[in-house]
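Down below is the structure, laid out as structure tokens.
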Amino acid sequence: MADPDETNSAVIQIASTQETLRRSLASGKVPVEDEIRARAGLASLLIDTFPLIPRESYIHDAIDQLDTVLRRLPKDSPDRAKHLDSLSFAAMSLYNVKGSRHVLDQAVLYGCQARDSAMATRLLDRDSATYFKILTNLGYALSHRYRLTDDVEDLDQASECAREIYRTAPKDSDTYQLTLNNLSSRLRQKYLRDKSPETREEARELLNELLDSSAPGTAQHGMAMMQLCASSVDAFKETGLLADLDEAIRYCKMALDALPDDFETQRAPLNEIVRLSKARHRKTNSEADLETVLQFSGLRCKKTPLSHSTRGEHLLDHFLSLQKHAFSTQSLAVTETAIVQMEDMLNATPIEFPQKRQCRATLANLLGKRYLLSTDLDHFSYLLRYTRDLYIGINGMSLRAGSSTFNLSTDWLSILTKTANSIARAPAENAMRKRAERALPQLFRSCCQAEQTAISGLQRLFNDHSSHLHVLAEAATAGCVLSDDEVKYEVAKLDGATAPASAPARNSRESRPPASGLSSFLGFPMIAKDPKSGEAVVDASKTWEKVLGYDPKAHVSPEEFVAREARIERETIDKLRMAGRHPNPKLCRLCRDVAKPLKPVGEDLWVFTASSFSLLPFGSFSQLKYQRQNCAICRLILSIISMPSGQLHPFLGSIKQEIQGTRLSTDRLSTGETVMRIDYGLKHVGELRIVTRTNFDRALRQAREVGFIPLGKLDFYDLVEFPRILQDTTGPVFRRGGQQVNLRMVKAWLNDCDHNHGSACNMPRSGTRAEKDIPLNLIDVVQGCLVPATSDEKYFALSYVWGKSMGASKTLRSNYEARQQARSLSAVALPRTIKDAMALARELGERFLWVDAVCMVQDNAEEMARDIPNMDIVYGQAFATIVGLHGDDADAGLPGVMPGTRAPQPVETLTVSNRSPELDHDTSKGDGSSTKIYLTATPVPLDLALEGSKWNTRGWILQERLLSRRCLYFSHDTVYFDCGRETRCEGGANEYFRAYSGSEAAPSDGQLVGSASRDNPLLNLATLYDLTPRARLGRVFHVYSKLVESYSQRSFSFKADILRGFAGMFAVLDEHLHSTTLHGLPAAVFSHALLWTPAARLPRRGTELPTSLQSTLGDPDRQFPSWSWAGWDGPAEYRVFEEAHGGGEFLLPTPLVKRFETVSSGGESIDTPNTTAKKQSNDTPPVQGTTTAPSPPQPADRVLARLLPDPDRNSSWWIVPPSAMPQAESAPLPRHTVLRFSAPCVPFASFFAVAPAREYLSAAAHGFTQSAQPVRRLFARDARGQHTRHCGLWWEQAGYGYVGRGDSQAEKALVMVGVSASYQYHGRQERGLNRVEGEIRMFDEAAFRDETAGDASATGWVNILVVDEDMGHADGTAERCTVAVVHARAWREAGPAVRVVQLA
């Protein structure tokens, strides 16, 4: 164990080295050679320190440092092999801690690269020690992977590494000795596979050579002992003789004594001793052997570092051995000793680990055993308290993991505890107490024997005997004696009453809690609740009416509104003046008298503050714009929430009207500065800052252009000069002719990210594609021409809106050669955005820029077909992506690159007299006693800036943003920098903070600048490698679904580009799904991908929705089938799977379709495997349907036209069926767009009906914004044939609004197709879908109460694809109508029959 003082000293030294290096590198002035040397030195220090101070962060930092070293080194550098080996060693160190298969694969990969580089550069001739080290480390990694995967190729490669050292290393070297052991071990493992006598003999010869050359007590001798142990174990497996087993144990103990005293070295003999001692105990059943197991498993726990990945499994193994020993001895003393040891070990292991719950359950078993041995009521009460704490801890872990639906009830434990306490409080001589004390252990013992565990025994005790124990306890408390018959009578009376609602029901799921409607919060009526944050909006109009002086909900015209506010403002000022006040003319009455957002502290300082009144809406956009434009603070707030046009930001305008309003909260930054956070409609929109001489250079964009006087060690602005700078309206802060971007700051952002953010930003994606070099044309911004290159160059990429201004800027075959001539691009009329990007790259000191219109030959079909699917590589390997966030086309430019291209930052001056707490200002007196407070607003968060841009609405843009490693966003008023670690902007506070309003915590996002990287689903792919295949598939599908939801809402100039614009993201997903995609749906998750839901009224791609002015809809583009989201023009979601993400793991439903085929017009079929259809061992069997022969679709009477009332829209539906194609003339559908499969089906009209009323879902991105997509309740027939039972939900689809409105004839063509089933497992509960007003109930709980807990097909959901068989296709092929979810019992009652479905 390391000395604490030495440990602290090492930690301080490492932290200091890390910070010094980070600051030096962020400056961008360190030469590459010095950077490589410094990074390699730090990595070596971290790796060497890790065994003594096992902090996982040290290894992660070492890996990041070495990753960067390898990026800086030339690919043919002779030092490359050395650093690759260090990287492999670091990865193996991390594997030993985490046990991650992915990390082990990385260690092998780096080791193989190190070996190949060493051989290519003839390292053996130059540095044999390093060469041998590389082979040793690679062999070690390969051997570990062989043990994990049993892949003989890994074993052969590991053996070859050892053979190479054996052939070339000096015989007297430590390396040679180590290799004797390694090669002998690998040959022994090979012998166990092939049983070759030659292999066994070679292994023995190597082992004998090692024994002859190593002295007893040395580490080499210890390794030899482990080899002898392994040979004895092999012999024991063949003979079963104790003598062989004892010999193996003896060799292990000798190895343990000889090997160095550190865990990694001694882990193997410790594990082997424990394992072999258990084998001996199983053979002898000797208590002495079990005590040996306890001795060495306890020693192993003591030596295992807290952060090691095996800590949990070693603890659990030791706990189970302690339990076995205690149960076998039946000794109270042994049991109590084991309990003390367990509690000490758990207390010494504060971190969470996967086996902790099992460890605590094992301790509960011993606590139960102690009670049964002692029959002491105090021991029983202790067990109850311990179990309650365990349940509370499990609930807390579930909550932290993101599952709000899983909760273990502790009410029954409280009832048992109360009963036990009542018994204990009765006098010791009380007859009923004695009777209870005799009965309780007997009942508990029988329950534990039946249930096998103490906790389950407690649950059964409560279920079966709580009434009996309650009667005994009550009698003991009352001091009366009851006969057996009287006790039975009282118990029967209790059991006849309603059972406690909190009783744990064994072998059944926990009951669903009542759906919480929107009732009240803090006494106010609740208007809406955000399901993500849990925040609520309340109706405080009555309280607010007292503040405003009128009913805020009363409707008045805009003119009356403005006049009323002006009148009240005048009256308020008059009253204040009569009272001797001097109301500040630059504040409105709400800021002045209610919010009071500023207060004085110290001599000349002011800080922001938010009173409790700020919990109420501070003002809507209309109120701020038309009523409080004279207020300095309200003007700044208005500048934040307004677009450059003066209109409310469109995202904020989409928030439900009742929720719109401003909320204020404050907090202090790390610098000591207070900021006022602004939320609008519970959406974070920005901050207000007080500009002072200490934060001037951070709060204002153009501060760098102002001279300052250094004061001491900090560069503070001169106290005298500071006010003059902000009063000079012609100076740099306010001058419209400048306002250029601070390129020095931008360089610092880029350098810090490149040098200090490691793999999070420089290797954001793994996989072969992420590192693939592809040919590119790049713009040489120095020479002003195109140059052929590859993606291995350091280059910027440009992402922008084309619009209609591209003109002659495109590169074509006809001008491609000419544009490769120096200065050729200066003669091209390039749009402003491209020119600005070239200038920016040049000013930042870089040479190359990639722009799609210029660098891709637009009329070269072959090149375009090659490059478009490679957009993930183009943007993923770009050093940074420059984003033209501003404007509607390529001529908008990059504001701030050229002078005069953006407006000055708003700054307000507020004058306050005599430090007035009421912020009064006496204008009749001079400024001698007055204080000027300078206020400014930060830019809006990046995510809000994105929401307001046309750039973010374009289809091609999404992959450009998500695939980039770092981006520079140029909005109309600021530059944002966003990467995988952080988001920064000009004038922003650029740090995270927790805001407070009064004494209440403000919104839970807790951050100052919104990060665009937070909503990048592709970043989640990095966490998938060590998941089970089922969990990995679920996570990848979740990523895919989020990409589709974001992508499908975007627009294309050419709508047929819908799948081409997704190509780069498909390429990334394919590396994880290992399957192709079909019309936008990945084959690996095809049955799930089919269940997309509309997020608005969608027309088919190529058509338009009918309007009162236009009845010509157009013809669908048949290259995009109806069953794909790409076949519809507009936003799609996967809301069917909303509940699947409730418990941390994304649980995909069970597919009901085993095989999909696509059918070409010529009858050719292509198998589309549904890889998730293979039943998992823990899956519930799918809902079964009756199998019938496929029936040809029956022709239906066509509806020519029908007018149906629609009370929700206060209009009518004019129903016109799709145009029928004459069979003789109908054109064949495009190849592979017709989908065929067999599935359980139910004719819609035979059992189901849809309610006419719509319920609109909340927007996925913001719970307080109502989306354009309604759902309707689905009803099933009851016993009388009436549709009275609410059994599910139906997503309304454009063109099918008539369903449920009386057109029974048209409904006959609709068929419900069961695609998958989501079953409810123990502890999970169905959640409704989210809407602004609260949860939408999924089904009628009274009609579908769980009465068949043992029947899996009667609980949970069936996910339905609704198809329309009357679409005019000659062969009866159907088309998709919509999606629905149906309660599994209702689906079963509907009698589904399996048939063939064919969809176009």
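Of all the residues that make up the range 786-800, how many are open to solvent by 10 Å² or more (accessible area, probe 1.4 Å) and more than 12 Å from E960 (Cα to Cα)?
Of the range 786-800, the ones open to solvent by 10 Å² or more (accessible area, probe 1.4 Å) are 787-790, 792-794, 800.
Cutting the leftovers down to more than 12 Å from E960 (Cα to Cα) gives us 787-790, 792-794.
Here the count works out to 7.
Could you grab me the full set of residues in the range 869-903 that are open to solvent by 30 Å² or more (accessible area, probe 1.4 Å) and out of contact with any Asp or Glu (no Cβ under 7 Å at 6 or more places or on another chain)? I'd like the intermediate steps shown before the answer.
Residues of the range 869-903 that are open to solvent by 30 Å² or more (accessible area, probe 1.4 Å), as a first pass: 869, 886, 888-889, 891, 898-901, 903.
Within the range 869-903, P869, H886, D888, D889, D891, P899, G900, T901 meet the criteria.
If we only count helices (runs of 4 or more DSSP H) wholly inside the range 132-216, which ones have 2 or more residues that are under 27 Å from S88 (Cα atoms), open to solvent by less than 70 Å² (accessible area, probe 1.4 Å) and hydroxyl-bearing (S, T, Y)? Answer list for the range 132-216: 152-168, 174-194. Taking every residue in the range 871-888 that is within 17 Å of H755 (Cα to Cα) and pairing it with any residue that is open to solvent by less than 10 Å² (accessible area, probe 1.4 Å) and of a type in the set (D, E, K, R), at least 6 positions away or on another chain, the pairs with Cβ-Cβ distances below 6 Å are A880/R966.
Restricting the range 427-444 to residues that are more than 54 Å from the chain's Cα centre (by Cα) and under 14 Å from D376 (Cα atoms), which is surrounded by the fewest Cβ atoms within 10 Å (Cβ to Cβ)? Show your work before the answer.
Step one: filter the range 427-444 for residues more than 54 Å from the chain's Cα centre (by Cα), giving 427-435.
Going one step further and asking which of them are under 14 Å from D376 (Cα atoms), we end up with 428, 433-435.
On the way: A428: 8, R433: 23, K434: 14, R435: 18.
So, considering only residues that are more than 54 Å from the chain's Cα centre (by Cα) and under 14 Å from D376 (Cα atoms), the one surrounded by the fewest Cβ atoms within 10 Å (Cβ to Cβ) is A428.
Given the condition open to solvent by 60 Å² or more (accessible area, probe 1.4 Å), modelled with pLDDT under 90 and more than 37 Å from the chain's Cα centre (by Cα), answer yes or no: does some residue in the range 809-816 qualify? No, the conditions are met nowhere in the range 809-816. Among the residues of the range 939-964, the ones that are assigned to a loop (DSSP other than H, G, I, E, B), open to solvent by 10 Å² or more (accessible area, probe 1.4 Å) and more than 14 Å from H649 (Cβ to Cβ) come to 2 in all.
Looking only at the range 1379-1400, which residues are assigned to a strand (DSSP E or B) and among the charged types (D, E, K, R)?
The one that is assigned to a strand (DSSP E or B) and among the charged types (D, E, K, R): R1395.
Checked against the criterion of being closer than 25 Å to Y176 by Cβ and surrounded by fewer than 16 Cβ atoms within 10 Å (Cβ to Cβ), the candidates P260, P269 yield just one match: P260. If the condition is being in contact (Cβ under 8 Å) with a residue 60 or more places away in the chain and either small (G, A, S) or surrounded by fewer than 19 Cβ atoms within 10 Å (Cβ to Cβ) (or both), then the range 847-865 contributes only R847. Here is a list: H318, H314. Which entry is without any contact (Cβ under 8 Å) to a residue 24 or more places away in the chain, within 30 Å of T387 (Cβ to Cβ), within 39 Å of the chain's Cα centre (by Cα) and open to solvent by less than 50 Å² (accessible area, probe 1.4 Å)? Result: H314 is the single residue among H318, H314 that is without any contact (Cβ under 8 Å) to a residue 24 or more places away in the chain, within 30 Å of T387 (Cβ to Cβ), within 39 Å of the chain's Cα centre (by Cα) and open to solvent by less than 50 Å² (accessible area, probe 1.4 Å). Examine the range 378-398 for a residue that is of a type in the set (A, V, I, L, M) and touching a His at 6+ places or on another chain (Cβ under 9 Å), and state whether such a residue exists. No, the conditions are met nowhere in the range 378-398. Has the range 1077-1095 got any residue that is at pLDDT 90 or above, open to solvent by 30 Å² or more (accessible area, probe 1.4 Å), in contact with an Asp or Glu (Cβ under 9 Å, 6 or more places away or on another chain) and outside any helix (DSSP H, G or I)? Within the range 1077-1095 (the criterion being at pLDDT 90 or above, open to solvent by 30 Å² or more (accessible area, probe 1.4 Å), in contact with an Asp or Glu (Cβ under 9 Å, 6 or more places away or on another chain) and outside any helix (DSSP H, G or I)), the answer is no, since none of the residues qualifies.
Residues that are open to solvent by 40 Å² or more (accessible area, probe 1.4 Å) and modelled with pLDDT under 95 number at least 3 in the following helices (runs of 4 or more DSSP H) confined to the range 9-123: 32-49, 56-72, 101-120.
Taking the range 701-722 as the search range and keeping residues that are crowded, with 16+ Cβ neighbours inside 10 Å and over 17 Å from T901 (Cα atoms), which one is modelled with the highest pLDDT?
Initial filter on the range 701-722 (crowded, with 16+ Cβ neighbours inside 10 Å): 701-703, 706, 708, 716-717, 722.
Checking the rest, the ones that are also over 17 Å from T901 (Cα atoms) come to 703, 706, 708, 716-717, 722.
Values: A703: 78, V706: 67, F708: 46, F716: 44, Y717: 44, F722: 65.
Checked the range 701-722; the qualifying residue modelled with the highest pLDDT is A703.
Of everything in the range 1373-1389, what is open to solvent by 20 Å² or more (accessible area, probe 1.4 Å) and not acidic (D, E)? Give them in sequence order. Result: R1385, R1388. Cβ separations smaller than 6 Å between residues 6+ apart or across chains give the following pairs from the range 786-799 residues that are of a type in the set (D, E, K, R) to residues that are outside any loop (DSSP other than H, G, I, E, B) and surrounded by 16 or more Cβ atoms within 10 Å (Cβ to Cβ): E793/F848.
Cβ-Cβ contacts under 7 Å between residues 6 or more apart (or on different chains), taken from a first residue in the range 577-596 that is among the aliphatic types (A, V, I, L, M) to a second residue that is part of a loop (DSSP other than H, G, I, E, B), are listed as L587/C631; L587/L919; L590/F618; L590/G619; A595/S611; A595/F618. Can you pull out the residues in the range 574-596 that are assigned to a helix (DSSP H, G or I) and open to solvent by less than 40 Å² (accessible area, probe 1.4 Å)? Matches in the range 574-596: L576, R589, L590, C591, R592, V594, A595. Taking the criterion of being among the polar types (S, T, N, Q) and farther than 15 Å from V746 by Cβ, the residues of the range 940-978 that qualify are S949, N952, T953, Q959, S964. The set of residues from the range 624-661 being of a type in the set (S, T, N, Q), open to solvent by less than 50 Å² (accessible area, probe 1.4 Å) and within 30 Å of Y1256 (Cα to Cα) comprises S642, Q660.
Note on the range 1282-1314: among residues that are in contact with a Cys (Cβ under 7 Å, 6 or more places away or on another chain) and in a loop (DSSP other than H, G, I, E, B), the one that is modelled with the lowest pLDDT is Y1296.
Pick from L299, L315, L306: which is touching a Lys or Arg at 6+ places or on another chain (Cβ under 9 Å) and aliphatic (A, V, I, L, M)? Break it down stepwise before answering.
Values: L299 fails: touching a Lys or Arg at 6+ places or on another chain (Cβ under 9 Å); L306 fails: touching a Lys or Arg at 6+ places or on another chain (Cβ under 9 Å).
Result: L315 is the single residue among L299, L315, L306 that is touching a Lys or Arg at 6+ places or on another chain (Cβ under 9 Å) and aliphatic (A, V, I, L, M).
Yes/no matrix, rows are residues, columns are (1) farther than 26 Å from A1126 by Cα; (2) at pLDDT 80 or above; (3) part of a helix (DSSP H, G or I):
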{"residue": "S1013", "(1), (2), (3)": "no, no, yes"}
{"residue": "L1021", "(1), (2), (3)": "no, yes, yes"}
{"residue": "D1026", "(1), (2), (3)": "yes, no, no"}
{"residue": "L1033", "(1), (2), (3)": "no, yes, yes"}
{"residue": "V1039", "(1), (2), (3)": "no, yes, yes"}
{"residue": "Q1049", "(1), (2), (3)": "no, yes, no"}
{"residue": "A1056", "(1), (2), (3)": "no, yes, yes"}
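Every condition in (1) among the hydrophobic types (A, V, I, L, M, F, W, C); (2) over 24 Å from Q739 (Cβ atoms); (3) surrounded by fewer than 21 Cβ atoms within 10 Å (Cβ to Cβ) holds for V912 except the one numbered (3).
The values are calculated or read from the model by the stated rules, or taken from the named source; none is laboratory data. Remember, it's a predicted structure, so these values are computed and weren't measured experimentally. Cβ coordinates were reconstructed from backbone atoms using ideal geometry, including for glycine residues, and neighbour counts include every protein chain displayed. The protein model used for the area step is the full one, side chains on, heavy atoms only, and it has no ligands, DNA or RNA in it. Shrake-Rupley method; radii C 1.70, N 1.55, O 1.52, S 1.80 Å.
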